[in-house]
Amino acid sequence: MHEASVAASILEILRARLALKAPEAMALYVTVRIGEFRAVDPDSLSFAFDSLKKDYAGCRNCRLLVEPVKAMAVCAGEGHYYHASSQSAFACRECGAGIRQLLAGGELDITGYTVQSSESELEHNNA
Ligand SMILES: [Zn+2]
């Protein structure tokens, strides 16, 4: 299952960052940007994340926040800027041409996480 392996990668990265920066801290939130072209279902991803997180140090109470990113492209026809969606077979709405360049939509990044340290202090980190 695609979402389970994505969730495991997010947790592994988060665990490694915590081990390096704040070994005693508990992560409360992690934010990920996921492009439309990654074809990740946010509900399945959250479910997989919640099932796996107890196995990763510092991640037991962590909540996953997903920021979806629309797939935006420049078409191969007249260079229109458009939303490349699977519903329109990724074709340009103006002229029907395909994608020349994908500008956004391939993201799969941890953009930040919030931890609670032993002094009950909240600390936000940009990844
Ligand atoms: Zn076009």
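Sorted by accessible area with a 1.4 angstrom probe, largest first, how do F37, F49 fall? Don't jump to the answer; show the numbers that get you there.
On the way: F37 85, F49 0 Å².
Result, largest first: F37, F49.
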Interchain or long-range residues, amide H under 5 Å from L108's placed H: G35
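Provide D41, D50 ordered by accessible surface of protein heavy atoms (probe 1.4 Å), highest first. Intermediate values should be presented prior to the final figure.
On the way: D41 65, D50 85 Å².
Solvent-accessible surface, decreasing: D50, D41.
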Table column - 3J(HN,Hα) (Hz), region 55-66, Karplus curve with 6.51, -1.76, 1.60, x for Gly and Pro: 7, 10, 4, x, 10, 4, 9, 7, 10, 8, 10, 9
With DNA, RNA and ligands ignored, accessible area of H2 (1.4 Å probe; Å², nearest 10): 90
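With a cut-off of 8 Å between alpha carbons and a minimum separation of six or more residues, what is the relative contact order of the chain in percent?
Numbers: 249 pairs, mean separation 38.1, N = 127.
That works out to 30 percent.
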Candidate aspartates and glutamates - alpha carbon under 14 Å from K53, same-chain residues fewer than 8 apart omitted: E3, E12
Rounded accessible area of D55 (nearest 10 Å², 1.4 Å probe): 110
In sequence order, calculated HN-Hα J values of region 9-20 (Karplus, 6.51, -1.76, 1.60; Hz; x Gly/Pro): 5, 4, 5, 5, 5, 4, 4, 5, 5, 5, 4, 7
Radius 12 Å from Cβ of N61, net charge of other residues (Lys, Arg +1; Asp, Glu -1): +3
Rh by Kirkwood over Cα pairs, then Stokes-Einstein D for region 18-127 at 1.002 mPa s and 20 °C, µm²/s: 135
With all protein chains modelled, accessible area of E36 [1.4 Å, Å²]: 80
Mean-position separation - Cα centroids, region 3-39 and region 85-117, in angstrom: 20
Magnitude of the charge dipole, the chain, Cβ model with Lys/Arg +1 and Asp/Glu -1, debye to 20: 140
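Tell me, in nm to one decimal, what length is gained between Y81 and K54 on full extension, where the rule is 0.36 nm per residue of separation less the Cα-Cα distance? Kindly include the intermediate steps, with their values, before the conclusion.
Details: separation 27, 0.36 × 27 = 9.72 nm, distance 4.30 nm.
Length difference between fully extended and current span is 5.4 nm.
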Amide N of region 23-49 lying under 17 Å from the label point, which is placed 7 angstrom from the Cα of H124 along Cα→Cβ: 27-33
Helix axis angle, 42-52 relative to the chain longest principal axis, alpha carbon, degrees: 30
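The values are calculated or read from the model by the stated rules, or taken from the named source; none is laboratory data. This one's a predicted model, so the numbers in the text were calculated from it and none came from an experiment. Note: ideal-geometry Cβ built from the backbone for every residue, glycine included; neighbour counts use all protein chains shown. Only protein heavy atoms, including side chains, enter the accessible area calculation; ligands, DNA and RNA are left aside. Shrake-Rupley method; radii C 1.70, N 1.55, O 1.52, S 1.80 Å.
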